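The values are calculated or read from the model by the stated rules, or taken from the named source; none is laboratory data. Computed from a predicted model, the values in this text were never measured in an experiment. We place every Cβ from the backbone using ideal geometry, glycine too, and count neighbours over all the protein chains shown.
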Amino acid sequence: MAETAGRILHTRVTRLEMTQRPTFTPPVPVGMRLAIMRATNTPVHFYRYLYEQVGRPHHWTMRRLQSDEELVRAIHAETCEIHILYVDGCPVGFAETDYAVPHQAEILHFGLMCDYQGRGLGKFFLHETVSAAWLKDPQKIIIQTNTLDSPRALQLYQKMGFSPVSWSEETVIAWD
């Protein structure tokens, strides 16, 4: 996809790591039928739908500007796992974890659609995502967030056992 000119946003990126399995287990949200499914051979149009619905409010850029061919190579790689959270049969969030670096898992994307935030689903889904990553026996799990993400993201990651290890200032093109 060709990059288009747009409004430039400045953000502070925080990189976090987890080197031990978490001891905190959040409660399972009640009153909703929940399912987490690992998606394999995810169709590009479905991935783009999830990515836009979750990432647009936060101006995610990593996958937004990739061509279909680049995206297929990334999301269909043997080292990539995509898990989708469903509530009452509807997809409401996704997590994309990369295992390309030996002994390491990196949660590249994690989030919920806006309508489903604030219901305890983030804690539940992140716990399940982290638990799935630990099944691969990494030495550490990496995740990052920035000041354009949900203001609760950094707190959630730290509560789940991630510790900040570095910061950087970056610019992104707004998703207007």
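The sole residue among 176, 115 that is over 24 Å from residue 25 (Cβ atoms) and outside any loop (DSSP other than H, G, I, E, B) is 115.
Among the residues examined, residue 109 qualifies as crowded, with 17+ Cβ neighbours inside 10 Å and either under 23 Å from residue 34 (Cα atoms) or at pLDDT 95 or above (or both). If the condition is being farther than 24 Å from residue 79 by Cα and in contact (Cβ under 8 Å) with a residue 60 or more places away in the chain, then region 123-155 contributes 123, 146, 147, 148, 149, 150, 154. Checked against the criterion of being among the β-branched types (Val, Ile, Thr), at pLDDT 95 or above, within 16 Å of residue 16 (Cβ to Cβ) and surrounded by fewer than 19 Cβ atoms within 10 Å (Cβ to Cβ), the candidates 147, 129 yield just one match: 147. For residue 66, all conditions in the list (1) closer than 30 Å to residue 158 by Cα; (2) surrounded by 16 or more Cβ atoms within 10 Å (Cβ to Cβ) hold save one; what is the number of the exception? Going through (1) closer than 30 Å to residue 158 by Cα; (2) surrounded by 16 or more Cβ atoms within 10 Å (Cβ to Cβ) one by one, residue 66 breaks only (1). In region 158-167, the count of residues that are touching a Gly at 6+ places or on another chain (Cβ under 7 Å), assigned to a helix (DSSP H, G or I) and either of a type in the set (D, E, K, R) or closer than 21 Å to residue 75 by Cβ (or both) is zero. Taken over region 31-46, the residue count meeting the criterion of being of a type in the set (Val, Ile, Thr), without any contact (Cβ under 8 Å) to a residue 60 or more places away in the chain and not in a helix (DSSP H, G or I) is 2. Kindly indicate which of 71, 154 is touching a strand residue (DSSP E or B) at 6+ places or on another chain (Cβ under 9 Å) and surrounded by 13 or more Cβ atoms within 10 Å (Cβ to Cβ). Unique residue meeting the criteria: 154. For first residues located in region 64-86 and more than 22 Å from residue 37 (Cβ to Cβ), partners that are β-branched (Val, Ile, Thr) and lie 6+ apart or on another chain with Cβ distances below 7 Å form the pairs 68/44. All conditions but one from (1) assigned to a loop (DSSP other than H, G, I, E, B); (2) out of contact with any Pro (no Cβ under 9 Å at 6 or more places or on another chain); (3) buried (at least 18 other Cβ atoms within 10 Å of the Cβ) apply to residue 136; the one that does not is (3).
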